[in-house]
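Heads up, the thing below is written out as structure tokens.
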Amino acid sequence: MNDIPNSQQQAAAKYAQAYQDLRAQIARVIVGQDEVVEQLCIAVAAQGHAILVGVPGLAKTLLVSSFAQAVDLDFNRIQFTPDLMPADITGAEVLHSDVRTGERSFRFMHGPLFSNIVLADEINRTPPKTQAALLEAMQERQVTAGGKTMILPKPFFVLATQNPIEQEGTYPLPEAALDRFLFFIKVDYPSADEEADILRRTTGEVNAEIEKVLSGDDLIELQELVRSIPVADSVLDYAVALTRNSRPGDEAPDFINTNVTWGAGPRAAQSLVMAAKAKALLNGKSHASIADIQAVAKPALRHRVALNFAAESEGLNSDSIIQQLIEFTAEHATRFDG
């Protein structure tokens, strides 16, 4: 590691090892899902929020709760339902009576958002006004209630889950809300061997316990270290080109104009760079490269690129378009030497 000072090199080595230890602890409970676990860890290291989308029974909630157990942070789970109100997650003022003096006063009771890690379970089941309250917490890392603005604890992450099958009685997240998530993580079915291992663990007497790997201070230091990871101008240019090529227009490739309604905005490029830095650091590298940008492109862009009806009718999805985008940008960007 020649691109960062010695003290930072030592810290980087420390957290690269901590990352491996963290994955090992999660693996004591979660079978497989290596890519999902990696993307979740990258999002947290990059100080971003993540949404995990998959059919029921794929251990999305268990994964988030297992991650929370492996880090020494406060953790709250919110089960989103159609009748959940903003005050149910932010907190509200309640009337308090002093038993000694009889004096009454209003006090603010903190809601479950006042935690380091918030699991927003089935986030698309709650009404838009409750989603909006969560959105403020995610973007501003603060809560406004009772006419007061209160800062949320550091670090603060929202790790949400969503079921893509059931649509009745749900409120799909608007694009502006989805854009606040650094990563959109797809959780797929396990392999046959992994599924057999799941059965052995869950139907037997195995009761694995997860040990804590990182503290809150460690996580804050890790996030600061991620920002210090150097990125060459050519890598930044590649992130910009990848993002801009996703937008339909005169300069866009033909497959984008044919299949995409709207592309990724500037926040997408920021997400690409921060996630690439985090990936590089967690894997013991001293700088982020174009390969790191390409590795995080799908979870960083798949919720920021909207396909049109023609693309969906042909069975295309955002991942296939992003893969074409990666190949096109690499082929036509001669100034990128990563």
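The values are calculated or read from the model by the stated rules, or taken from the named source; none is laboratory data. Keep in mind that this is a model prediction, so the values were computed, not measured. So basically every Cβ, Gly included, is an ideal-geometry build from the backbone, and we count neighbours across all protein chains shown.
Residue-by-condition table, conditions (1) in the same structural domain as residue 174 (by TED's automatic domain parsing); (2) modelled with pLDDT under 90; (3) assigned to a loop (DSSP other than H, G, I, E, B):
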| position | (1), (2), (3) |
| --- | --- |
| 311 | no, yes, no |
| 315 | no, yes, yes |
| 322 | no, no, no |
| 325 | no, no, no |
| 331 | no, yes, no |
| 338 | no, yes, yes |
Quick check: is even one residue across the range 98-106 among the aromatic types (Phe, Trp, Tyr), closer than 30 Å to residue 202 by Cα and either assigned by TED's automatic domain parsing to the domain that holds residue 195 or not in a helix (DSSP H, G or I) (or both)? no
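Here's the yes/no breakdown for (1) at pLDDT below 90; (2) out of contact with any helix residue (DSSP H, G or I) (no Cβ under 9 Å at 6 or more places or on another chain); (3) among the β-branched types (Val, Ile, Thr); (4) closer than 21 Å to residue 300 by Cα:
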residue: 18; (1), (2), (3), (4): yes, no, no, no
residue: 28; (1), (2), (3), (4): yes, no, no, no
residue: 40; (1), (2), (3), (4): no, no, no, yes
residue: 80; (1), (2), (3), (4): yes, no, no, no
residue: 96; (1), (2), (3), (4): yes, yes, no, no
residue: 100; (1), (2), (3), (4): yes, yes, no, no
residue: 105; (1), (2), (3), (4): yes, yes, no, no
residue: 109; (1), (2), (3), (4): yes, yes, no, no
Between 243, 261, which is among the β-branched types (Val, Ile, Thr) and loosely packed, with under 15 Cβ neighbours inside 10 Å? 261
Pull out all pairs, ordered by first then second residue, where Cβ-Cβ is under 6 Å, the residues are six or more apart or on different chains, the first lies in the range 124-140 and is within 10 Å of residue 180 (Cβ to Cβ) and buried (at least 21 other Cβ atoms within 10 Å of the Cβ), and the second is modelled with pLDDT of 85 or more and among the small types (Gly, Ala, Ser). none
It is to be established whether one or more residues within the range 77-91 are within 19 Å of the chain's Cα centre (by Cα), closer than 26 Å to residue 185 by Cα and surrounded by fewer than 19 Cβ atoms within 10 Å (Cβ to Cβ). yes
Flag for residue 121 being of a type in the set (Asp, Glu), in the same structural domain as residue 131 (by TED's automatic domain parsing) and loosely packed, with under 15 Cβ neighbours inside 10 Å: no
Of the conditions (1) without any contact (Cβ under 8 Å) to a residue 12 or more places away in the chain; (2) surrounded by 22 or more Cβ atoms within 10 Å (Cβ to Cβ); (3) acidic (Asp, Glu), residue 292 fails just one. Which one is it? (1)
Taking the range 50-69 only, how many residues are surrounded by fewer than 22 Cβ atoms within 10 Å (Cβ to Cβ) and part of a helix (DSSP H, G or I)? 5
Turns out the helices (runs of 4 or more DSSP H) fully within the range 168-245 with at least 2 residues that are touching a residue at least 40 places away in the same chain (Cβ under 8 Å) and assigned by TED's automatic domain parsing to the domain that holds residue 30 are 175-178, 192-203, 216-228
Working only within the range 142-158, note down all residues that are in contact with a strand residue (DSSP E or B) (Cβ under 7 Å, 6 or more places away or on another chain) and part of a loop (DSSP other than H, G, I, E, B). 146, 152
If we ask which residues in the range 258-282 are farther than 18 Å from residue 179 by Cα and either modelled with pLDDT of 90 or more or of a type outside the set (S, T, N, Q) (or both), their number turns out to be 6
Could you list, in sequence order, all residues of the range 111-124 that are modelled with pLDDT under 85 and not in a loop (DSSP other than H, G, I, E, B)? 124
In this structure, does residue 293 turn out to be outside the structural domain of residue 58 (by TED's automatic domain parsing), in contact with a helix residue (DSSP H, G or I) (Cβ under 9 Å, 6 or more places away or on another chain) and β-branched (Val, Ile, Thr)? yes
